[in-house]
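Here is the structure we will look at.
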Amino acid sequence: MIFGELDITITRCQRKTVSIFVERDGSVSARVPEEITKEELTAVLQSKEYQIHKNLAEWTQLNAQKIERDYVNGQSFLYLGRNYRLQLTNDEFKGIKLKSGYFIISKINKTKAKTYFIDFYKEKLREKLKPILNRYKGQLGVEPQDVKVMELQHRWASCTSKGNLNFHWKCAMAPIDVLNYIVAHELVHIIHPNHTKAFWNDLDKIIPNYDKQLQWLKLNGAGMDL
Ligand SMILES: [Zn+2]
C-alpha cells in the first residue's frame with residue numbers, strides 16, 4: 001500500500017501486532033494481523049511513521065558507500081533537490097551543461113565527468129550562497145570573515161572560531177529550503193558556537209521549520225554523493 005511517499009508491502013499473517021521492516025534492498029514491508037482493517041493499519045503506520053523514517057535513514061547511511069554512480073546515459077544527478085538525467089553527446093566540449101532538464105557531457109570527455117560535476121556544483125553553490133547569506137546576515141546582524149566552497153569531511157558546512165564559513169559543494173544538491181537552513185545554521189554559529197538552547201532559539205526565529213530541513217538532510221544526506 002502507498003503510505004505517504006512510501007510503498008509498503010503488506011503481508012497478512014497470524015499475529016496480533018504490526019511489525020515493520022526495512023528490507024535489505026531498502027524497501028519497506030509490514031507483517032500485520034489477518035483481520036486488521038485499512039483504517040486501523042493506516043493509524044498504526046501513522047503512529048510509527050517517525051520510526052520508519054528513522055530506520056530508513058539508518059539503512060541509507062549503511063548503504064551509502066555502495067552507491068556508486070556510473071556516468072552513463074540516464075543516470076540521475078541531484079541539483080537543488082531535483083533529479084536530472086545525464087545525456088552523453090557526440091559534441092566535443094569541456095565541462096558540463098545543464099540544458100532542457102538534462103546534464104550534458106561530451107562522450108569524448110566522459111572520463112572527467114566527476115570533476116566536471118564537482119566544478120559545476122562549486123560554481124553554482126557560490127552563486128546561490130550570495131543572496132542567502134546577504135538576507136540572513138542582515139537579519140542576524142553578523143558578518144562572516146570569509147566564505148569558502150570546498151570538500152569537507154563528513155559535514156555539510158562549518159563555522160570556524162574566527163567566523164569563517166565553509167560549505168561542502170554537495171550543498172548544491174539540496175533543495176533551496178535546505179540550503180537556506182544550512183546557511184542560517186552556520187551564521188547563527190557566529191553568535192553561538194555550540195548547539196545550545198540559545199542557538200536553536202535564534203535559528204528558529206529565521207527558519208521556523210528548521211526541523212523539516214534537518215529531517216531532509218538525515219533522509220537524503222547519505223545518497224548525496226558522486
Ligand atoms: Zn552546527
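Please specify each residue of segment 151-164 satisfying the condition of being more than 11 Å from the ligand (Cβ to nearest atom) and open to solvent by less than 20 Å² (accessible area, probe 1.4 Å).
163
Per-residue answers, yes or no, for (1) out of contact with any Gly (no Cβ under 9 Å at 6 or more places or on another chain); (2) in a helix (DSSP H, G or I); (3) in contact (Cβ under 8 Å) with a residue 60 or more places away in the chain; (4) surrounded by 15 or more Cβ atoms within 10 Å (Cβ to Cβ):
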{"site": "56", "(1), (2), (3), (4)": "no, yes, yes, yes"}
{"site": "85", "(1), (2), (3), (4)": "no, no, no, no"}
{"site": "88", "(1), (2), (3), (4)": "yes, no, no, yes"}
{"site": "92", "(1), (2), (3), (4)": "yes, no, no, no"}
{"site": "108", "(1), (2), (3), (4)": "yes, yes, no, no"}
{"site": "127", "(1), (2), (3), (4)": "yes, yes, no, no"}
(request) Within segment 192-226, count every residue that is of a type in the set (A, V, I, L, M), over 17 Å from residue 132 (Cβ atoms) and modelled with pLDDT of 95 or more. (result) 1
(request) Give 197, 137, 122, 148 a once-over and let me know the one that is within 15 Å of the ligand (Cβ to nearest atom) and not assigned by TED's automatic domain parsing to the domain that holds residue 62. (result) 197
(message) Here is a check on your reading of the model: is residue 8 open to solvent by less than 80 Å² (accessible area, probe 1.4 Å) and part of a helix (DSSP H, G or I)?
(response) no
(message) Which residue is surrounded by the fewest Cβ atoms within 10 Å (Cβ to Cβ), if the candidates are limited to segment 171-206 and must be among the aliphatic types (A, V, I, L, M) and in contact with a His (Cβ under 8 Å, 6 or more places away or on another chain)?
(response) 198
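Every residue, every condition in (1) of a type outside the set (Phe, Trp, Tyr); (2) exposed (fewer than 13 other Cβ atoms within 10 Å of the Cβ); (3) not in a loop (DSSP other than H, G, I, E, B), yes or no:
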{"site": "17", "(1), (2), (3)": "yes, yes, no"}
{"site": "21", "(1), (2), (3)": "no, no, yes"}
{"site": "25", "(1), (2), (3)": "yes, yes, no"}
{"site": "30", "(1), (2), (3)": "yes, no, yes"}
{"site": "40", "(1), (2), (3)": "yes, no, yes"}
{"site": "45", "(1), (2), (3)": "yes, no, yes"}
{"site": "50", "(1), (2), (3)": "no, yes, yes"}
{"site": "53", "(1), (2), (3)": "yes, no, yes"}
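The values are calculated or read from the model by the stated rules, or taken from the named source; none is laboratory data. Values in this document were obtained by computation on a predicted structure and should not be read as measured data. Using ideal geometry, Cβ is built from the backbone for each residue, glycine included, and neighbour counts are taken over all protein chains shown. In case anyone asks, the SASA skips ligands and DNA or RNA and just uses the protein heavy atoms, side chains included. Shrake-Rupley method; radii C 1.70, N 1.55, O 1.52, S 1.80 Å.
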